[in-house]
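Beneath this line is the structure, given in structure tokens, with notes to follow.
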Amino acid sequence: MPATVLRQTVSNGLIETIALDAQGVTDFALDDQYAWWVEPGSSGLANGRLRRVAHESVKAETVAEAIPWPVGVAVSGGVAYVLSAGTQAEAFADGKILRVSYR
């Protein structure tokens with residue numbers, strides 16, 4: 001850690017670096033505009049992030065931060081759904097699904 005997120009283009013097979021600072025990527029999702037992923041982060045898994053990159057870009061952006069242990073992501077209709085496993089302080093009993101609108 002940190003990990004590197006790479007992509008390979010369909011048109012020419014070129015491998016490109018998207019993010020050099022990824023912290024434990026656990027899940028990816030794709031929609032018509034972006035590739036999405038979640039990172040649990042460090043510090044007791046309380047500072048996770050939802051990140052994305054546009055299909056024709058190599059610049060990753062952080063969409064949401066301070067997500068308690070994000071372990072999954074799904075996207076549909078302009079909304080990203082992040083599965084948070086919760087916090088260590090609550091023995092991970094406070095997990096939830098977070099809704100993040102992006103369009």
Scanning region 1-15 for residues that are under 18 Å from the mean Cα position of the chain (by Cα) and open to solvent by less than 70 Å² (accessible area, probe 1.4 Å) gives ALA3, VAL5, ARG7
Checked VAL75, VAL82, VAL100 against criteria (touching an Asp or Glu at 6+ places or on another chain (Cβ under 6 Å) and either exposed (fewer than 15 other Cβ atoms within 10 Å of the Cβ) or touching a residue at least 40 places away in the same chain (Cβ under 8 Å) (or both)); the one match is VAL75
The residue that is modelled with the lowest pLDDT, considering only those in region 27-44 that are over 8 Å from the mean Cα position of the chain (by Cα) and not small (Gly, Ala, Ser), is PRO40
Exercise. Kindly check whether there is at least one residue in region 86-97 that is in a strand (DSSP E or B) and surrounded by 15 or more Cβ atoms within 10 Å (Cβ to Cβ).
Key: no
Every listed condition ((1) within 16 Å of the chain's Cα centre (by Cα); (2) modelled with pLDDT of 90 or more) holds for ASP94 save (1)
Subset of region 8-41, residues over 18 Å from ALA80 (Cβ atoms) and in contact (Cβ under 8 Å) with a residue 40 or more places away in the chain, comes to GLU16, THR17
What about SER42, is it outside any strand (DSSP E or B) and open to solvent by less than 40 Å² (accessible area, probe 1.4 Å)?
no
| query | Has region 17-25 got at least one residue that is at pLDDT 95 or above and open to solvent by less than 50 Å² (accessible area, probe 1.4 Å)? | reply | no
For ASN47, the lone unmet condition from (1) more than 25 Å from GLN8 (Cα to Cα); (2) of a type in the set (S, T, N, Q); (3) more than 13 Å from the chain's Cα centre (by Cα) is (3)
The one condition ALA66 fails out of (1) among the small types (Gly, Ala, Ser); (2) loosely packed, with under 12 Cβ neighbours inside 10 Å; (3) touching a Phe, Trp or Tyr at 6+ places or on another chain (Cβ under 6 Å) is (3)
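The values are calculated or read from the model by the stated rules, or taken from the named source; none is laboratory data. All values derive from a computational prediction rather than experimental measurement. So basically every Cβ, Gly included, is an ideal-geometry build from the backbone, and we count neighbours across all protein chains shown. Only protein heavy atoms, including side chains, enter the accessible area calculation; ligands, DNA and RNA are left aside. Shrake-Rupley method; radii C 1.70, N 1.55, O 1.52, S 1.80 Å.
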